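The next block holds one structure in the form of structure tokens; read it before the comments.
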Amino acid sequence: MVSKEVNMKELFYKISEDKRDTIILNSIYEFSNYYYHEASLNRIIKASNISKGGLFKYIDSKEDLYLYILEKELKRLINYQLENTNLETTEFFARIKELSIQSIDFYKENKATYKFILHALTDTTAPVYDKVINIKDEIVSQLQDEMLKNIDFDCYKIPKSEILIMYKFISDGVNQSINNDTCIEDIIRMLELILDALKYGIVK
């Protein structure tokens, strides 16, 4: 089932771009520093220099604000990967390495956004967690074909479905390492080691 796109109140789209961007940026910082339960609209209001009543002219709830920004930033992350990845290569492992490197590069440039996305995808206690996963799954399903465009899956011994499971495990591992503040160089080195092992094997 396709989830409905999260929208703010109509007035949210009519305020100045600077004011809207300020609210979004301060929300990202709040959600990157605190999990959903601890995140505070009051801190967002204070940082954005607006009144509480003013914020609720633009949003219905913390949930709507949270899900709206998550959807927006997840799409931005994946589009960043697509725009900076060579989609002509037909080799799966080369593509996965490149997509992972682009994910890391996005993190370097957008640390608060990336931390917020990781919080959202791992905070299983949040009352919005199921909605978060539905949004993530829908975006991935929409863009996965483009991310894996031109890959020749017929040259591998195992089915495409199992290869995609491996891709998810690798992606989750990279994200977990970033969430644990592992050195970026170490993440890339381990990524290359795992991909080489999968491609060439480790048995002499």
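The values are calculated or read from the model by the stated rules, or taken from the named source; none is laboratory data. The structure displayed is predicted, hence computed values, not measured ones. Just so you know, the surface numbers come from the protein's heavy atoms only, side chains and all, with ligands and any DNA or RNA stripped out. Shrake-Rupley method; radii C 1.70, N 1.55, O 1.52, S 1.80 Å.
Structure notes:
- Carbon and sulfur %, accessible surface of the chain computed with the full protein complex present, 1.4 Å: 51 percent
- Gained length - Lys111 relative to Ser171, 0.36 nm times residue gap less alpha-carbon distance: 19.9 nm
- For Cys183, Cys155, the ranking by accessible surface with the largest value first comes to Cys155, Cys183, using a 1.4 Å probe.
- Computed over the chain, the per-residue total of -39500 (n - 2.57) for DSSP H runs of n ≥ 4 gives a 222 nm mean residue ellipticity of -22000 deg cm²/dmol, rounded to 500.
- Its residue count N sets the reference 2.2 N^0.38 Å, and the alpha-carbon radius of gyration of segment 37-76 equals 1.21 times that reference.
- Whole-number Å³ per residue for the convex hull built on Cα positions in segment 22-133: 108 Å³
- Summed over the residues of segment 118-195 and divided among them, the accessible surface reaches 59 Å² per residue at a probe radius of 1.4 Å.
- Alpha-carbon gyration tensor eigenvalues x 5, square-rooted, for the chain, Å: 36, 18, 15
- Under a Gaussian network description of the chain, with springs only between Cα atoms under 10 Å, the residue in Lys14, Lys72, Lys111 that fluctuates furthest is Lys14.
- Computed over the alpha-carbon atoms, segment 69-108 gives an Rg to Rh ratio of 1.02, Rh here being the Kirkwood radius from the mean inverse distance.
- Percent of Cα-Cα distances greater than 19 Å, calculated over segment 1-80: 34 percent
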